[in-house]
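Participant: Dropping the structure in here first, questions after.
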Amino acid sequence: MSDHLVVVGGRTFAAHRALLGARCDYFRRLFSGDFADSGRGEVALPDADADAFAQLLRFMYAGTLDFPPHLLRPVAELADRLLLPAASRRAQQLLLAATGPATVVGDLLWAEARGFAGLLAGLKAFYLDNAHRVLEEAPDSLEVLMLRSPRLHLDLYAAGIKRARRG
């Protein structure tokens with residue numbers, strides 16, 4: 001009984017236009033605007049992750065905010081793009097909770113590149129609390145951090161010095 005198709009990364013999802021418009025600002029704006037796609041029965045998101053969209057469609061229909069660990073980044077990105085802040089925040093919270101010494105640098109770089117300020121702040125705090133473990137368990141990640149984001153590396157270094165002076 002669906003009346004709308006969303007094609008994501010080569011997969012087609014059947015949905016209800018009214019629900020998409022009611023639960024997602026992206027679709028609400030798309031359907032009510034002067035966009036070429038606003039009157040069509042199909043929307044294409046060719047560069048989005050289909051598995052992440054499946055999770056977000058489940059969220060729109062059922063309100064489910066539990067996402068598989070391997071999809072946290074793509075869900076957070078796509079939710080942000082589709083103007084689903086609650087889903088994006090939840091995926092970011094889960095990502096922060098799942099981060100560890102071996103993954104924190106990659107997560108930091110990813111969050112910085114996407115402008116996820118709240119997640120970035122939480123990851124910085126985790127890094128500072130666990131800098132010794134990062135050095136022990138993932139020393140190569142520090143070189144990656146220095147090369148890919150010297151500014152972020154400097155921010156963390158300065159914060160670590162400030163923290164050491166206080167303690």
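Laboratory data are not the source of any read-out in this text; all were calculated from the coordinates shown. No experiment lies behind these values; they were computed from the predicted model shown. For neighbour counting, all protein chains shown are included, and Cβ atoms are generated from backbone atoms with ideal geometry for every residue, glycine included.
Participant: Select from L19, F31, L5 the residue farthest towards the positive end of the dipole of region 1-83; place +1 on Cβ of Lys and Arg, -1 on Cβ of Asp and Glu, and compute about the Cα centre.
Facilitator: So the residue furthest toward the plus end is L19.
Participant: Follow-up. Picking from A86, A113, S141, whose Cα lies most toward the positive end of the charge dipole for the chain (charges on Cβ: Lys, Arg +1; Asp, Glu -1)?
Facilitator: So the residue we want is A86.
Participant: Further question: With runs of 4+ DSSP H residues as the only contributors, calculate the mean residue ellipticity of the chain at 222 nm using -39,500 (n - 2.57) per run, divided by the residue total and rounded to the nearest 500.
Facilitator: Only helices count here, giving -20000 deg cm²/dmol.
Participant: Now for a different question. Compute the Cα gyration tensor for region 64-167, then decide on rounded, prolate or oblate, letting a ≥ b ≥ c be the square roots of its eigenvalues: rounded whenever a/c is under 1.5, prolate when a/b is larger than b/c in the other cases, and oblate in all that remain.
Facilitator: Taking the square roots of the gyration eigenvalues as a ≥ b ≥ c, region 64-167 is prolate.
Participant: Also, quick follow-up: How big is the dipole moment of the chain about its Cα centre under a simple scheme where the beta carbon of each Lys and Arg is +1, that of each Asp and Glu is -1, and everything else is neutral? Debye, nearest 20, please.
Facilitator: 580 debye
Participant: Still on this structure, please answer the following. Can you give the relative contact order of the chain as a percent, counting alpha carbon pairs under 8 Å and 6+ residues apart?
Facilitator: Value for the chain: 15 percent.
Participant: Right, another one. Could you give the radius of gyration (one decimal) and Dmax (whole number) of the Cα atoms in region 1-144, in Å?
Facilitator: Final numbers for Rg and Dmax: 17.6, 56 Å.
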